[in-house]
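No value in this document is a laboratory result; all are computed from the given coordinates. None of these values were measured; they are calculated from a predicted model. Every residue, glycine among them, receives a Cβ derived from its backbone with ideal geometry; neighbour counts consider all protein chains shown.
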Amino acid sequence: MHIVLMGPPGAGKGTQAKIISEKLHIPHISTGDIFRSNVGAGTTLGNEAKKYLDAGEYVPDSITNGMVRDRLAQADAINGFLLDGYPRTLNQIHELDSMLKSLGQTLDLVIEIVADTDVVVQRLTARAAQEGRSDDGADVMRHRLDVYAEQTAPITKVYGERGLVRQVDGIGTVAEVTDRIMAHL
Ligand code: AMP
């Protein structure tokens, strides 16, 4: 199974991605997590990415695409993966197409978690209090939602035209949303 999980910040993507990837025995590959761990470890990649993360901007494709290409080529991703947070731009869609082609694989499904802006703002505010993520402050949060709407929502259109998108209501308990996702798999 090669799955892309989409949805606005605060829709519960990360939580669901962990659960679904365990159920399906495929790696959960989160570009946000990879960036954050590199920032934490002070790697060259992390140092390059930090200013974009802190501002709620997308890290340039020139950095992001190579990072994902390397990750998908690792042995644990050979039988499938769940991508969380990638692709986020049209250019990244084309890059992913090319990565999958060179690996002899195809994308099976794009799950889009849909949630109302008021709900995701509430969730992000709660997460800011709990986790202290540097990009969960009110202004940066709103900016990330705008960036998502502008740049990422058109991606569902492209995948929709390929018949790959399944929309899932993100409002409800974690278990309810998991069941809705699993119903498509
Ligand atoms: P996330 O944890 O998915 O919300 O991602 C956190 C931050 O990491 C984003 O706001 C971006 O700065 C960066 N990031 C994650 N995935 C990507 C991507 N596919 N392209 C560019 N930047 C990304």
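Under the rule of at least 5 residues apart or a separate chain, name every residue whose amide H is placed under 5 Å from the amide H of Met6.
For Met6, the qualifying residues are Ile111, Glu112, Ile113.
By DSSP, what percent of the beta bridges with both residues in the chain are antiparallel, rounded to the nearest 5? Could you put the intermediate results ahead of the total?
Details: 0 of 16 bridges.
Taking every DSSP beta bridge with both residues in the chain, the antiparallel ones total about 0 percent.
Quick one: Debye curve from the alpha-carbon atoms of the range 1-43 only, equal weights, vacuum; give me log10 I(q)/I(0) at q = 0.21, 0.26 Å⁻¹ to two decimals.
So the normalised log intensities are -0.75, -0.96.
Most exposed first by the Cβ proxy, i.e. fewest other Cβ within 10 Å, how do His184, His25 rank?
Starting with the residue having the fewest Cβ neighbours, the order is His25, His184.
For labels at Ala73 and Lys101 in the simple 7 Å Cα→Cβ model, what's the distance in nm?
Taking the simple label geometry, Ala73 and Lys101 are separated by 1.7 nm.
Using 0.36 nm per residue of separation minus the Cα-Cα distance, give me the extension gain between Tyr52 and Thr15 in nm, one decimal. Before the final figure, lay out the partial values.
On the way: separation 37, 0.36 × 37 = 13.32 nm, distance 2.30 nm.
Result: 11.0 nm gained on full extension.
For the range 90-97, take each phi angle, set θ = phi - 60°, evaluate the Karplus expression 6.51 cos²θ - 1.76 cosθ + 1.60, and give the result in whole Hz per residue in order, putting x for glycine and proline.
4, 4, 5, 4, 5, 5, 5, 4
Helix-only mean residue ellipticity at 222 nm, the chain, DSSP H runs n ≥ 4 weighted -39,500 (n - 2.57), per residue, nearest 500. What is it?
Working: 9 runs with 104 residues, N = 185.
Value at 222 nm, helices only, nearest 500: -17500 deg cm²/dmol.
Quick one: 3J(HN,Hα) in Hz for the range 5-21, Karplus 6.51/-1.76/1.60 with θ = phi - 60°, rounded, Gly and Pro as x.
My calculation for the range 5-21 gives 10, 10, x, x, x, x, 7, x, 4, x, 4, 5, 4, 4, 5, 5, 5 Hz in order.
Once you put a point 7 Å from the Cα of Gln130 and another 7 Å from the Cα of Ala183, both along the Cβ direction, what distance in nm separates them?
2.5
Along the Cα-to-Cβ line of Gln122, 7 Å from the Cα, sits a label point; which residues in the range 150-173 have backbone N less than 14 Å from it?
170-173
Counting other C-beta atoms within 10 Å, which of Thr31, Thr64 has the fewest, and how do the rest follow?
Thr31, Thr64
Computed FRET efficiency, Cβ-Cβ of Ala138 and Val174, R0 35 Å: what is it to the nearest 0.05?
Efficiency, from the Cβ-Cβ distance: 0.90.
Name the shape class, rounded, prolate or oblate, that the alpha-carbon gyration tensor gives for the range 62-111, where a ≥ b ≥ c are the square roots of its eigenvalues, rounded holds for a/c under 1.5, and otherwise prolate holds if a/b is larger than b/c and oblate otherwise.
Here the range 62-111 falls in the rounded category.
Rounded to a whole number, what is D in µm²/s for the chain from Stokes-Einstein with the Kirkwood radius over alpha-carbon pairs (20 °C, 1.002 mPa s)? Could the numbers behind the result be given before it?
Numbers: Rh = 16.7 Å.
Translational diffusion coefficient: 128 µm²/s.
Output ³J(HN,Hα) for the range 160-167: one whole-Hz value per residue in order, computed from phi by the Karplus curve 6.51 cos²θ - 1.76 cosθ + 1.60 with θ = phi - 60°, and x for Gly and Pro.
x, 5, 8, x, 9, 8, 10, 8
For the chain, modelled as a GNM with alpha-carbon contacts under 10 angstrom, which of Tyr148, Tyr52, Tyr86 fluctuates the most?
Among Tyr148, Tyr52, Tyr86, the largest GNM mean-square fluctuation belongs to Tyr52.
Express the relative contact order of the range 90-185 as a whole percentage, based on alpha carbon pairs under 8 Å and six or more residues apart in sequence.
Details: 59 pairs, mean separation 36.8, N = 96.
Normalised by residue count, the contact order of the range 90-185 is 38 percent.
Before anything else, pin down the relative contact order of the chain: Cα pairs under 8 Å, at least 6 apart, normalised by residue count, whole percent.
Computed value for the chain: 34 percent relative contact order.
What would the Debye equation give as log₁₀ I(q)/I(0) for the range 99-175 at q = 0.25 Å⁻¹, counting only Cα atoms as equal point scatterers?
For the requested q values the scattering log ratios are -1.17.
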